[in-house]
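Everything on this sheet refers to the single structure shown next.
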Amino acid sequence: MFKRVVVGALMVGLTGCSTMSDWFADEEELKIRRIPAIQNQITPKVVWDYNLGDGVNDYYSQLRPVFANDKVFVAERHGEVAALAPDTGKALWHKNFAIFPDESFWDGIARLWRSGASAKLSAVASGYNMLFVTSEDGLIRALNVDTGDTLWEASVAGEILATPAMDEGILVVNTGAGILFGLDVKTGEQLWRSETDVPPLSLRGISGPAASNGGALVGTPTGKLQVNILESGIPAWETAITAPAGATELERIIDVDSTPVVFGTTVYIVSYDGTLAALELRSGRIMWKREYGSYRDLAVSGNKIYVVDNRSIVYALDRRNGVELWSQGGLKQRNLTAPLVTEKYVVVGDKWGLMHWIDQEDGSLAARYDLGGDDEDDAIYAAPILVNDLVVTITRDGDVAALSAK
């Protein structure tokens with residue numbers, strides 16, 4: 001479970017003391033890890049926690065909890081999926097999709113102590129009273145949200161590394177092969193597919209799709225925002241957000257790996273190489289562009305857009321014109337998650353298991369909680385989610401925690 005560091009009655013941040021893992025860190029990493037202490041303006045505390053298998057270990061993953069149907073759904077890469085009560089963390093049901101041989105009676109007995117081969121689960125999404133669970137091997141399962149029973153299974157070509165989206169009875173799935181699929185949410189039947197180019201070298205991640213206003217929106221590894229008609233998959237428009245530059249393939253990486261954010265009649269997107277843009281949803285016309293680079297998802301709330309850039313600097317901008325309102329560089333190079341917006345704060349997790357609350361108004365650090373004990377195995381690798389008034393997060397080791405902050 002969690003390796004918590006308690007400093008007096010209130011946790012106000014790490015004190016900078018050395019740990020055994022410091023012996024294997026170079027001077028630059030130690031400078032980043034030994035973060036200056038702060039005085040908490042609010043008091044985060046763990047309300048409940050739950051351990052789920054082995055988490056994602058060191059694999060790249062965007063697996064994160066989902067809150068729907070008054071349940072918190074969680075999954076780990078090897079195959080375990082659970083539904084938790086939002087107020088207590090009690091398991092309401094639990095399934096294991098790890099792969100076991102099924103050749104004889106003794107194979108069934110062996111399951112009692114063997115873990116099986118990894119199912120390589122990659123994402124969970126909920127809608128239409130179903131939980132959709134995907135794998136890196138292109139498998140999609142639809143589960144009953146109340147029991148966890150499998151309703152249907154389908155497979156698509158390519159790795160699924162991003163969370164699917166859904167609207168108008170269609171499940172939209174993006175793959176690392178550059179193919180976007182539309183499936184019937186009730187049956188898993190493939191309704192359409194749309195292909196795009198994939199450059200010789202791109203980032204490991206892919207853009208999560210968004211489904212809204214009759215369109216399926218997705219970022220591409222060629223630096224574009226693409227919109228397909230949701231019903232048919234026919235391309236409606238695509239707009240280049242950025243263009244490759246540089247002499248080497250590495251320098252020319254321009255992936256758009258963030259999930260498009262639709263807010264009213266505007267869609268927001270950011271590219272890895274340094275372009276944040278606001279576009280008109282109907283036409284794809286670029287309304288404004290700014291130089292911010294990120295592979296993480298954006299967060300939009302009210303008239304603000306929040307960005308965690310490639311260096312883990314957090315920014316707030318006016319979403320209407322792209323004017324920067326504040327920046328927070330005190331967490332630089334800590335490999336922050338994408339931001340979660342709560343009523344007053346922006347919440348992020350980091351590589352060493354710390355949770356940070358940032359004031360929405362001025363960008364100041366309002367609170368910190370050490371959830372992972374300065375251990376990279378308990379890194380917070382995916383954006384937290386809001387569950388009623390709790391912030392729920394998961395670590396690489398598969399520890400799920402719900403925190404309050406008052």
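The values are calculated or read from the model by the stated rules, or taken from the named source; none is laboratory data. Here the structure is a predicted model, which means the values were calculated and not measured. In this analysis, Cβ positions are derived from the backbone assuming ideal geometry, glycine residues included, and neighbour counts consider all displayed protein chains.
When you check Leu217 against the structure, is it out of contact with any Ser or Thr (no Cβ under 7 Å at 6 or more places or on another chain), in a strand (DSSP E or B) and either under 12 Å from Arg319 (Cα atoms) or free of Cβ contacts under 8 Å to residues at least 60 places away in the same chain (or both), yes or no?
When the stated conditions are applied, Leu217 passes them.
Evaluate the following for Lys31: is it touching a Ser or Thr at 6+ places or on another chain (Cβ under 7 Å) and not in a loop (DSSP other than H, G, I, E, B)? If you could, list the steps in order and put the result at the bottom.
On the way: touching a Ser or Thr at 6+ places or on another chain (Cβ under 7 Å): no; not in a loop (DSSP other than H, G, I, E, B): yes.
The answer is no for Lys31.
Being surrounded by fewer than 18 Cβ atoms within 10 Å (Cβ to Cβ), out of contact with any helix residue (DSSP H, G or I) (no Cβ under 9 Å at 6 or more places or on another chain) and not aliphatic (A, V, I, L, M) is the requirement here; does Arg193 meet it?
Working: surrounded by fewer than 18 Cβ atoms within 10 Å (Cβ to Cβ): yes; out of contact with any helix residue (DSSP H, G or I) (no Cβ under 9 Å at 6 or more places or on another chain): yes; not aliphatic (A, V, I, L, M): yes.
Here the answer is yes, as Arg193 does meet what is asked.
Would you mind stating whether Asn310 is among the polar types (S, T, N, Q), touching a Ser or Thr at 6+ places or on another chain (Cβ under 9 Å) and surrounded by fewer than 23 Cβ atoms within 10 Å (Cβ to Cβ)?
yes
Looking at the structure I just gave you, is Leu317 hydrophobic (A, V, I, L, M, F, W, C) and either closer than 21 Å to Ile206 by Cβ or surrounded by fewer than 22 Cβ atoms within 10 Å (Cβ to Cβ) (or both)?
no
Could you tell me how many of the residues in the range 356-381 are within 22 Å of Leu317 (Cα to Cα), aliphatic (A, V, I, L, M) and in contact (Cβ under 8 Å) with a residue 60 or more places away in the chain?
Final tally of qualifying residues: 3.
Suppose the filter is under 30 Å from Pro44 (Cβ atoms), among the hydroxyl-bearing types (Ser, Thr, Tyr) and under 16 Å from the mean Cα position of the chain (by Cα); does Tyr315 pass it?
no
Would you confirm whether or not the range 107-123 contains a residue that is under 27 Å from Asp58 (Cβ atoms), modelled with pLDDT of 95 or more and in contact with a Pro (Cβ under 8 Å, 6 or more places away or on another chain)?
Yes: the range 107-123 contains one or more residues that are under 27 Å from Asp58 (Cβ atoms), modelled with pLDDT of 95 or more and in contact with a Pro (Cβ under 8 Å, 6 or more places away or on another chain).
Look at the range 240-268 and say how many of its residues are closer than 19 Å to Val346 by Cβ, out of contact with any Phe, Trp or Tyr (no Cβ under 7 Å at 6 or more places or on another chain) and crowded, with 19+ Cβ neighbours inside 10 Å.
2
How many residues does the range 54-80 hold that are under 16 Å from Glu159 (Cβ atoms), out of contact with any strand residue (DSSP E or B) (no Cβ under 8 Å at 6 or more places or on another chain) and of a type outside the set (Ser, Thr, Tyr)?
The number of residues fulfilling the criteria is 1.
Residue check: is Tyr345 under 23 Å from Ser258 (Cβ atoms) and at pLDDT 95 or above?
Numbers: under 23 Å from Ser258 (Cβ atoms): yes; at pLDDT 95 or above: yes.
Here the answer is yes, as Tyr345 does meet what is asked.
If you take just the strands (runs of 3 or more DSSP E) that sit entirely in the range 125-171, which of them hold at least 3 residues that are more than 18 Å from the chain's Cα centre (by Cα) and closer than 15 Å to Leu183 by Cβ?
Strands (runs of 3 or more DSSP E) meeting the threshold: 139-144, 150-155.
Return a yes/no flag: does the range 296-303 have any residue that is among the hydroxyl-bearing types (Ser, Thr, Tyr), free of Cβ contacts under 8 Å to residues at least 60 places away in the same chain and buried (at least 23 other Cβ atoms within 10 Å of the Cβ). Even if it seems obvious, please write down each step before you answer.
So the first thing to find is which residues in the range 296-303 are among the hydroxyl-bearing types (Ser, Thr, Tyr), and the list is 301.
With free of Cβ contacts under 8 Å to residues at least 60 places away in the same chain added as a condition, the list becomes 301.
Keeping just the survivors that are buried (at least 23 other Cβ atoms within 10 Å of the Cβ) gives none.
The answer is no; no qualifying residue exists.
Can you name the number of the only condition in (1) surrounded by fewer than 17 Cβ atoms within 10 Å (Cβ to Cβ); (2) at pLDDT 95 or above that Gly148 fails?
Among (1) surrounded by fewer than 17 Cβ atoms within 10 Å (Cβ to Cβ); (2) at pLDDT 95 or above, the lone unmet condition for Gly148 is (1).
Of (1) closer than 23 Å to Trp237 by Cβ; (2) in contact with a Leu (Cβ under 6 Å, 6 or more places away or on another chain); (3) modelled with pLDDT of 95 or more, Val185 satisfies all except one. Which?
(1)
Tell me, yes or no, whether the range 324-341 has at least one residue that is among the aliphatic types (A, V, I, L, M), farther than 25 Å from Thr275 by Cβ, surrounded by fewer than 24 Cβ atoms within 10 Å (Cβ to Cβ) and touching a residue at least 60 places away in the same chain (Cβ under 8 Å).
No, the range 324-341 contains no residue that is among the aliphatic types (A, V, I, L, M), farther than 25 Å from Thr275 by Cβ, surrounded by fewer than 24 Cβ atoms within 10 Å (Cβ to Cβ) and touching a residue at least 60 places away in the same chain (Cβ under 8 Å).
Just checking, how many residues over the range 383-399 are acidic (Asp, Glu) and either within 13 Å of Asp70 (Cα to Cα) or assigned to a loop (DSSP other than H, G, I, E, B) (or both)?
Going through the range 383-399 one residue at a time, the tally reaches 2.
If you scan the range 52-79, which residues turn out to be assigned to a strand (DSSP E or B) and either under 23 Å from His356 (Cβ atoms) or of a type in the set (Gly, Ala, Ser) (or both)?
Val66, Phe67, Ala68, Val72, Val74, Ala75
With Thr196, Thr175, Thr147 as the choices, which residue is in contact (Cβ under 8 Å) with a residue 24 or more places away in the chain, closer than 23 Å to Ala83 by Cα and polar (S, T, N, Q)?
When all the criteria are applied, what remains is Thr147.
With in a loop (DSSP other than H, G, I, E, B) and not aliphatic (A, V, I, L, M) as the only criterion, which of Glu238, Glu231 stands out? Steps first, please.
Values: Glu238 fails: in a loop (DSSP other than H, G, I, E, B).
Going through Glu238, Glu231 in turn, just one is in a loop (DSSP other than H, G, I, E, B) and not aliphatic (A, V, I, L, M): Glu231.
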